[in-house]
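The values are calculated or read from the model by the stated rules, or taken from the named source; none is laboratory data. Keep in mind it's a predicted model, so treat the numbers as computed, not measured. Quick reminder, even Gly has a Cβ in these numbers, built from the backbone with ideal geometry, and neighbours come from all protein chains shown. All accessible areas refer to the heavy atoms of the entire protein, side chains included, with ligands and DNA or RNA removed. Shrake-Rupley method; radii C 1.70, N 1.55, O 1.52, S 1.80 Å.
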Amino acid sequence: TERLLVPQGVTLTIKPGTIVKFKTDAHFRIEGNSIVKGTPDSMIVFTSADDNVATISNFSFRSTVSYAIFDNKISEDTSF
């Protein structure tokens, strides 16, 4: 719902099957490390918290993202 910053020296792990929901104008930035690895049978889903389209800015990862879906309810400014 707000700004989320993962600072340098910290690792964020998003496990297979996780659903990450964003409110409009959410900020999600990883300056540290991240592990974002779903599986073919248990994908990670990034989507809107509401039925509306969520606009996300400052959305970035410093890792490989695998088996993740960015739902069509998200309009993002992303960098990987």
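Which order, highest average first, do 42-52, 6-16 follow once you tally other Cβ atoms within 10 Å for each residue and take the mean per peptide?
Per-residue mean Cβ counts within 10 Å order the peptides as 42-52, 6-16.
Check which residues have an amide H placed less than 5 Å from ILE35's amide H, if you skip close sequence neighbours.
LEU12, THR13, ILE14
If I ignore ligands, DNA and RNA and count only protein heavy atoms, how much of PHE61 is accessible to a 1.4 Å probe, in Å² to the nearest 10?
10
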